[in-house]
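Structure first, then comments.
Derivation of every value follows stated rules applied to the coordinates shown; laboratory data play no part. Keep in mind it's a predicted model, so treat the numbers as computed, not measured. Neighbour counts run over all protein chains shown; Cβ positions are idealised from the backbone, glycine included.
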Amino acid sequence: ADGFIKYDKAPFDGVAQAGEVLLVKLTINNSDFGQYILLEDPKASGMEVVSSNPEEELGSNFDDAEENLPYWWRTWWTHKSDKDTHMAFFMTLLDKGKHEIYYLVRPEMPGNYLIRPTTITGMYSNVISGSTESSRIEVKE
């Protein structure tokens, strides 16, 4: 009744319905300070980004920040880019600690798909680097 769409956050079991909206949550646990960092999160085939700013568009605050600031003032990453094959997030500075990024996707084609590993690297040095394991998604009709 407040005019916003509400989504339930729940662990993903690897199965989705075509057309269903999914929240992608990326967590970075950084043990040191870094500069000029690139995070690339591959998309499965047939996956479309619905929103790369879900907090702004849905009126929700996924990170429970107490500031009453617009979403774009509370982001800690510098720039994002929605490519055909992946989402890319660029960080000028990456402080030590835990950081989270959210975006919404919608699988559009039924099938079984491989999702390549998410990677994080320094753009000008290899001081910071890491990756996840690959995963799979089954999209049902």
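Quick rundown of the values:
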| quantity | calculated |
| --- | --- |
| Anchor residue 43: lysines whose Cα lies under 22 Å away (excluding residues fewer than 8 positions away in-chain) | 9, 25, 80, 83, 140 |
| FRET efficiency, 1/(1 + (r/R0)^6) with R0 41 Å, evaluated for residue 96 and residue 49 via beta carbons | 0.90 |
| Burial ranking of peptide ranges 33-45, 96-108 (average Cβ count within 10 Å, highest at the top) | 33-45, 96-108 |
